[in-house]
C-alpha cells in the first residue's frame, strides 16, 4: 500500500527480474521483435559511419577539391541518412507493436485475475489503485522496458563503434575517456536506481489520484448536499500536484 502522497511502502522485484519476466511475454512475438532488433542494430552501426564519412568528405571537397569525392559525397550522405531513417522507422514501429501486444496480454491477465478475486481482496485494495494498475502502470512498465532495451543494444553498439574510431584517430585521447568510464558507470547506475524509485512512486501516486477522482464522481450527490466541493477539489489537486512533481522528477532523473 502507499501513503497519502503515493510513496511506495515496500520493495518490489529488481529491475533484472522484472525485465526477464517481460521478455517471456515477448516470446510469442519473437519474429517482430527480432526484426525490430535487427533494424536497431543496423541503425546503431550507421552512427559511427557519420564521423568516419565526414572527415574524408570535408578534406576531399574543400581542401583537396577532388571532383570524384565532390560527386560521391552527397550521394553517400543521402544513402546513409536514408538507411538510418528507414531503420529508425522500422525499429520504432515494430517495438511499439510488440510493446502494445505485451500490454494487451498483461491487461488480459490482470482482468482475468481481478475477476476471480474474492470480496476480501477488493476490501483490501482501493478501486482507483486497481484501475490505475491496469490502465497506467502496466503501460509505464512496458514502455520503460522498451527504453532499457533500446539503450542496452543501440547505445552499446554506438559507443563501441565510436570508441573504435577514436582509437583509430588518437589512442591517447581514447585512453583518457576510458579513465573516466568508472565515474560515468557509477553515475548512470545511481540515476537508474533513482529513476526506478521515482517511477514506482509515480505509479502509486497515479493510483491515489484515480481513487480520489472516482470517489468524487461516485459521491457527487453527497458532495453537493453537504457542500463538499471545495474540500474534494482541494483533495484532488493535492494528489494531481504530486503526480506532476513525480513526473518532473522522472524527467530529471531520466
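Answer with yes or no whether residue 94 is closer than 30 Å to residue 197 by Cα, within 16 Å of the chain's Cα centre (by Cα) and surrounded by 15 or more Cβ atoms within 10 Å (Cβ to Cβ).
Working: closer than 30 Å to residue 197 by Cα: yes; within 16 Å of the chain's Cα centre (by Cα): yes; surrounded by 15 or more Cβ atoms within 10 Å (Cβ to Cβ): yes.
Judged against the criteria, residue 94 is a match.
The set of residues in the range 225-248 being part of a helix (DSSP H, G or I) and over 20 Å from residue 210 (Cα atoms) consists of 225 alone. Sort out which residues of the range 111-133 are in a helix (DSSP H, G or I) and buried (at least 16 other Cβ atoms within 10 Å of the Cβ), and write them in order of number. 128, 129, 130, 131, 132, 133 - these are the residues of the range 111-133 that are in a helix (DSSP H, G or I) and buried (at least 16 other Cβ atoms within 10 Å of the Cβ).
Condition (residue is touching a residue at least 24 places away in the same chain (Cβ under 8 Å), surrounded by fewer than 16 Cβ atoms within 10 Å (Cβ to Cβ), more than 23 Å from residue 217 (Cβ to Cβ) and more than 19 Å from the chain's Cα centre (by Cα)) applied to the range 78-85: is it met by at least one residue? There is at least one residue in the range 78-85 that is touching a residue at least 24 places away in the same chain (Cβ under 8 Å), surrounded by fewer than 16 Cβ atoms within 10 Å (Cβ to Cβ), more than 23 Å from residue 217 (Cβ to Cβ) and more than 19 Å from the chain's Cα centre (by Cα).
Sort through 240, 187 and tell me the only one that's closer than 20 Å to residue 128 by Cα and under 27 Å from the mean Cα position of the chain (by Cα). So that I can check it myself, show each step before the final result.
Details: 187 fails: closer than 20 Å to residue 128 by Cα.
Step by step, each of 240, 187 is checked, and only 240 is closer than 20 Å to residue 128 by Cα and under 27 Å from the mean Cα position of the chain (by Cα).
Selection of the range 97-139 for residues being within 18 Å of residue 31 (Cα to Cα) and in contact (Cβ under 8 Å) with a residue 24 or more places away in the chain yields 97, 98, 99, 101, 102, 103, 105. Report yes if some residue within the range 147-157 is over 26 Å from residue 200 (Cα atoms), surrounded by 15 or more Cβ atoms within 10 Å (Cβ to Cβ) and either out of contact with any strand residue (DSSP E or B) (no Cβ under 7 Å at 6 or more places or on another chain) or at pLDDT 80 or above (or both); otherwise report no. Yes, there is a match, as at least one residue in the range 147-157 is over 26 Å from residue 200 (Cα atoms), surrounded by 15 or more Cβ atoms within 10 Å (Cβ to Cβ) and either out of contact with any strand residue (DSSP E or B) (no Cβ under 7 Å at 6 or more places or on another chain) or at pLDDT 80 or above (or both).
It is to be established whether one or more residues within the range 208-215 are at pLDDT 85 or above and in contact with a strand residue (DSSP E or B) (Cβ under 9 Å, 6 or more places away or on another chain). There is at least one residue in the range 208-215 that is at pLDDT 85 or above and in contact with a strand residue (DSSP E or B) (Cβ under 9 Å, 6 or more places away or on another chain). In the range 161-176, the residue that is nearest to the chain's Cα centre (by Cα) out of those that are within 25 Å of residue 43 (Cβ to Cβ) and surrounded by fewer than 14 Cβ atoms within 10 Å (Cβ to Cβ) is 164.
The values are calculated or read from the model by the stated rules, or taken from the named source; none is laboratory data. The shown structure was predicted, so the numbers you read here are calculated from the model rather than taken from an experiment. Here Cβ is always computed from backbone atoms with ideal geometry, including for glycine, and neighbour counts include all displayed protein chains.
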